[in-house]
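Here the structure is laid out as structure tokens; the discussion comes afterwards.
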Amino acid sequence: MMVAFQPVPAVIEAIDKKVADNHLFTFRLSESISVAPGQFVELSIPGVGAFPVSTAAHPGGATFQACIRRAGRVTAALYRLDEGANVGIRGPFGQGFPLAAFAGRDVLLVAGGLGMAPLRALLQALLGERGRVGEIILLYGSREPDAILFRDELEGLAAAGTIKVRYSVDFATELPWSTDAYVCRIGLVTELLRDLRFAPAQTVAAVCGPPSLYGCVLEDLARLGIDPERIYATLERRMQCGVGQCCHCVTAGVFVCSQGPVFSLAELRRLPGSI
Amino acid sequence: MRSWAFQAGFEDRLLQSLRGDYRVLAPVRGTDGVVRLQPVRSWAELSPAGLPLIPLKKVVFPPHDVLWTLMEYEYREPAPSSVPVALVGIAPCDLYALAYLDLVFADDPHYQRRRQNLLLIGSNCRPTPECFCPPRREPPPFDLFLAADRLWVGSAWGAGLLTALQAELSSPGDLPLPAEITDGQQQVPENLEQLFTASAGLPLWREVGERCVSCGACSAVCPTCYCYEMSDEALPDGRVARRREWDNCFFRNHALVAGGQNFRPTRAERLRFRFEHKMLGFGALRGISACVGCGRCARACPVDIDISAVLAALAGGNKP
Ligand SMILES: Cc1cc2nc3c(=O)[nH]c(=O)nc-3n(C[C@H](O)[C@H](O)[C@H](O)COP(=O)(O)OP(=O)(O)OC[C@H]3O[C@@H](n4cnc5c(N)ncnc54)[C@H](O)[C@@H]3O)c2cc1C
Ligand code: SF4
Ligand code: SF4
Ligand code: FES
């Protein structure tokens, strides 16, 4: 199939500004596209440029939802737009999380900061067929309590006993909350692993966060006994075309945009420089 | 492959027959000594020895291209030119380079639109000491290929051009292309992938890479370099244009992302990246060398970085 460079026209339907500089945008598309958890699109602000962004919701269809950090030139331009503004969406791109690999197993999700966004899409997909997976544990590290994304939603799920949630924050003047269903600690998300009770041999893990997170967490999970073939992470690179042409995203000879961005730890170990 | 002998003056009559229907471009040495692809009227204008400084990729993958324009809510693709281009006097290495780009851009509508309108008339080269083209199993893509006093037909399009010129052709036959076209000048080491992997910690990359001044000349002149950057431009008439422009993996921001993380922060890493792309290929094209050994990058580099010398050093030769 020929590469489509023209975006599908879309409008901003809603902007949830609960977390500063990490707004949750809902876009309404003029044509449905289906973006699986872990896949991404190129969001285009006409006249300014485009940037890659993961889906934060599942399923999408006529809407596309993404949590977007104000990080630079094009994202800042998006933040100047209001509901009703016109944008464009190209995609979907890449290989998402292999949902079949989760079936029949326990699930450990490890998120750092904005990495919660793609994992929320994965979580929604898993919850859509809740009976197909065992226990779901989320370990989620943030800078501070106010930076926690989807907090009401996650705590609702934890309170209902649907999933277990463990937060960590880098700073907090006091630990403001802790219940049976979810706890919060000060420190790095890796510390949440230390006394975690779970069954590594029957667990699939998905990790998403800044590059610094991958350096330690992925091998930690393998040491705890999760099969490296079943530890998944999604890589960030400077992506533009999304289809293995422009070459910005290449790592160890692999197009992260089209052959990734989701890889297993077993694959990442064969890609020097990937983590 | 079908082949005919031709008489003196045939080349000019071939050019003449193209003139009405094609934009005819060929490598011509200018008074400044630079060889460029430019319009020609007679075969004598062609530069027999020199490759064009900027290779023929610019015809199918222009340095600045517009992917679409947007007015109000309507996206439009720019109207393609309907005049076919005939590239004449193209050396085998440049034809092989085009074959590589054909693989890279197999699914690219903008490339394919121009490619399908491109007539290729190859001609034999005169290798220089800097040439290090690899041996080939297959002939390069062409519609017609001229070597000395014979021509070969590579496509139905090429055969069609000859109907009006039959009177000037004789001794038809089923002959292979001259061996020098596929023989190549230099073998690529068979275990290059292992040599490359094992070389990660060698000072070679830093020592050579440190010299690079990130001018971008090597990629601009490389017939198979195709990295690109996309950007938007507001046009004076109110439209928005999305542009696609040649990029260069030696530029510092090639792998830079928001927040300042750079996945190839040093020149050594960027040199290694370029070498890997040229010699080993990326993604599905891994294992197909993108370097056709034309030697352009070494000639263009202001600090004498020579990819063939790096290759030789990896294969156990002297330091570049
Ligand atoms: C697969 C993937 C998924 C992502 N998902 C999200 C998400 O869900 N939410 C979110 O907020 N951010 C996400 N990002 C990061 C986001 O793409 C960057 O924050 C964004 O490109 C910054 O653009 P900018 O123009 O504001 O920044 P600038 O620094 O001004 O960048 C200018 C240009 O550089 C390029 N660029 C800069 N940073 C990046 C980058 N990290 N990745 C790719 N290109 C870049 C883009 O072409 C951009 O237009 C994702 C990145 C990738 C690769
Ligand atoms: S010799 Fe240099 S310019 Fe020529 S194909 Fe190889 S890398 Fe490109
Ligand atoms: S031509 Fe030489 S100096 Fe310029 S970018 Fe290429 S390697 Fe660097
Ligand atoms: S984003 Fe262009 S090659 Fe991957």
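With the structure loaded, tell me whether B:VAL208 is surrounded by 14 or more Cβ atoms within 10 Å (Cβ to Cβ), within 15 Å of ligand 2 (Cβ to nearest atom) and farther than 20 Å from B:VAL59 by Cβ or whether it fails that test.
It is true that B:VAL208 is surrounded by 14 or more Cβ atoms within 10 Å (Cβ to Cβ), within 15 Å of ligand 2 (Cβ to nearest atom) and farther than 20 Å from B:VAL59 by Cβ.
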Out of all the residues in region B:213-236, which are over 30 Å from B:GLY293 (Cβ atoms), free of Cβ contacts under 8 Å to residues at least 60 places away in the same chain and outside any strand (DSSP E or B)? B:PRO236
Residues to consider are B:LEU165, B:LEU177, B:LEU146; find the one that is at pLDDT 90 or above, away from chain A (no Cβ under 14 Å), closer than 23 Å to B:PRO48 by Cβ and part of a helix (DSSP H, G or I). B:LEU165
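Looking at B:PHE273, B:PHE251, B:PHE263, which one is more than 21 Å from A:SER212 (Cβ to Cβ) and within 14 Å of ligand 1 (Cβ to nearest atom)?
Values: B:PHE273 fails: within 14 Å of ligand 1 (Cβ to nearest atom); B:PHE263 fails: more than 21 Å from A:SER212 (Cβ to Cβ).
The conditions single out B:PHE251.
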Only residues that are within 14 Å of ligand 3 (Cβ to nearest atom) and either of a type in the set (S, T, N, Q) or without any contact (Cβ under 8 Å) to a residue 24 or more places away in the chain (or both): list them for region B:266-308, please. B:THR266, B:ASP306, B:SER308
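Which residue, of B:ARG274, B:ARG286, is under 20 Å from B:TYR100 (Cα atoms), surrounded by fewer than 19 Cβ atoms within 10 Å (Cβ to Cβ) and within 16 Å of ligand 4 (Cβ to nearest atom)? Before you say what the answer is, go through the steps one by one.
Details: B:ARG274 fails: surrounded by fewer than 19 Cβ atoms within 10 Å (Cβ to Cβ).
After applying the criteria, what remains is B:ARG286.
Which residue, of B:VAL221, B:VAL188, is touching a helix residue (DSSP H, G or I) at 6+ places or on another chain (Cβ under 8 Å), modelled with pLDDT of 90 or more and either away from chain A (no Cβ under 12 Å) or closer than 27 Å to B:ALA309 by Cβ (or both)? I'd like the intermediate steps shown before the answer.
Values: B:VAL188 fails: modelled with pLDDT of 90 or more.
Exactly one residue qualifies, and that residue is B:VAL221.
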Residue check for A:PHE27: surrounded by 17 or more Cβ atoms within 10 Å (Cβ to Cβ), more than 14 Å from chain B (Cβ to nearest Cβ) and either in contact (Cβ under 8 Å) with a residue 24 or more places away in the chain or under 21 Å from B:ALA241 (Cβ atoms) (or both): yes
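Return the only residue of A:GLY88, A:GLY96, A:GLY60 being within 13 Å of chain B (Cβ to nearest Cβ) and not aliphatic (A, V, I, L, M). Spell out how you get there, then give the answer.
Numbers: A:GLY96 fails: within 13 Å of chain B (Cβ to nearest Cβ); A:GLY60 fails: within 13 Å of chain B (Cβ to nearest Cβ).
Among A:GLY88, A:GLY96, A:GLY60, only A:GLY88 is within 13 Å of chain B (Cβ to nearest Cβ) and not aliphatic (A, V, I, L, M).
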So B:ALA258 ticks every box in (1) within 20 Å of A:THR251 (Cβ to Cβ); (2) touching a helix residue (DSSP H, G or I) at 6+ places or on another chain (Cβ under 8 Å); (3) modelled with pLDDT of 90 or more but one. Which box is left unticked? (3)
Are any residues in region B:224-238 surrounded by fewer than 13 Cβ atoms within 10 Å (Cβ to Cβ) and within 15 Å of B:ILE307 (Cα to Cα), and if so, which ones? none
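Any residue that is of a type outside the set (Asp, Glu) and within 15 Å of ligand 3 (Cβ to nearest atom) - is there at least one of those in region B:237-248?
Yes - at least one qualifying residue is present in region B:237-248.
If the requirement is being more than 9 Å from chain B (Cβ to nearest Cβ), out of contact with any strand residue (DSSP E or B) (no Cβ under 6 Å at 6 or more places or on another chain) and either within 16 Å of ligand 2 (Cβ to nearest atom) or closer than 24 Å to A:PHE51 by Cβ (or both), which of these qualifies: A:VAL262, A:VAL256, A:VAL250, A:VAL243? Steps first, answer last, please.
Details: A:VAL262 fails: out of contact with any strand residue (DSSP E or B) (no Cβ under 6 Å at 6 or more places or on another chain); A:VAL250 fails: more than 9 Å from chain B (Cβ to nearest Cβ); A:VAL243 fails: more than 9 Å from chain B (Cβ to nearest Cβ).
Result: A:VAL256 is the single residue among A:VAL262, A:VAL256, A:VAL250, A:VAL243 that is more than 9 Å from chain B (Cβ to nearest Cβ), out of contact with any strand residue (DSSP E or B) (no Cβ under 6 Å at 6 or more places or on another chain) and either within 16 Å of ligand 2 (Cβ to nearest atom) or closer than 24 Å to A:PHE51 by Cβ (or both).
For residues in region B:191-201 being in a helix (DSSP H, G or I) and within 11 Å of chain A (Cβ to nearest Cβ), which is farthest from B:ALA268 (Cα to Cα)?
Our first condition is that a residue be in a helix (DSSP H, G or I); within region B:191-201, this holds for B:192-198.
Filter again for within 11 Å of chain A (Cβ to nearest Cβ), leaving B:193, B:196-197.
Numbers: B:GLU193: 18, B:PHE196: 14, B:THR197: 14 Å.
If we take residues in region B:191-201 being in a helix (DSSP H, G or I) and within 11 Å of chain A (Cβ to nearest Cβ), then B:GLU193 is farthest from B:ALA268 (Cα to Cα).
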Could you list, in sequence order, all residues of region A:122-178 that are assigned to a helix (DSSP H, G or I) and touching a Cys at 6+ places or on another chain (Cβ under 6 Å)? none
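Checking the condition of a type in the set (S, T, N, Q) and at pLDDT 95 or above, which residue from B:SER231, B:SER199, B:SER214 passes? Break it down stepwise before answering.
Details: B:SER199 fails: at pLDDT 95 or above; B:SER214 fails: at pLDDT 95 or above.
Of B:SER231, B:SER199, B:SER214, the one residue that is of a type in the set (S, T, N, Q) and at pLDDT 95 or above is B:SER231.
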Looking at A:LEU192, A:LEU188, which one is crowded, with 20+ Cβ neighbours inside 10 Å and under 22 Å from A:GLY115 (Cα atoms)? A:LEU192
Looking only at residues in region B:116-152 that are crowded, with 18+ Cβ neighbours inside 10 Å and among the charged types (D, E, K, R), which one is farthest from B:LEU18 (Cα to Cα)? B:ARG150
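If you go through region A:67-82 one residue at a time, do you hit one that is assigned to a strand (DSSP E or B), within 14 Å of another protein chain (Cβ to nearest Cβ) and farther than 26 Å from A:LEU213 by Cα? Working first, answer last.
Quick first cut of region A:67-82, residues assigned to a strand (DSSP E or B) only: A:67-69.
Still in the list and also within 14 Å of another protein chain (Cβ to nearest Cβ): A:68-69.
Applying the additional criterion that residues be farther than 26 Å from A:LEU213 by Cα yields none.
There is no residue in region A:67-82 that is assigned to a strand (DSSP E or B), within 14 Å of another protein chain (Cβ to nearest Cβ) and farther than 26 Å from A:LEU213 by Cα.
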Tabulated pairs, region B:68-90, first touching a residue at least 60 places away in the same chain (Cβ under 8 Å), second outside any loop (DSSP other than H, G, I, E, B) and of a type in the set (Phe, Trp, Tyr), C-beta under 7 angstrom, 6+ apart or interchain: B:TRP68/B:TYR75
Between A:ARG132, A:ARG197, A:ARG120, which is more than 18 Å from A:ILE231 (Cα to Cα) and modelled with pLDDT of 90 or more? A:ARG132
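The values are calculated or read from the model by the stated rules, or taken from the named source; none is laboratory data. None of these values were measured; they are calculated from a predicted model. Cβ coordinates were reconstructed from backbone atoms using ideal geometry, including for glycine residues, and neighbour counts include every protein chain displayed.
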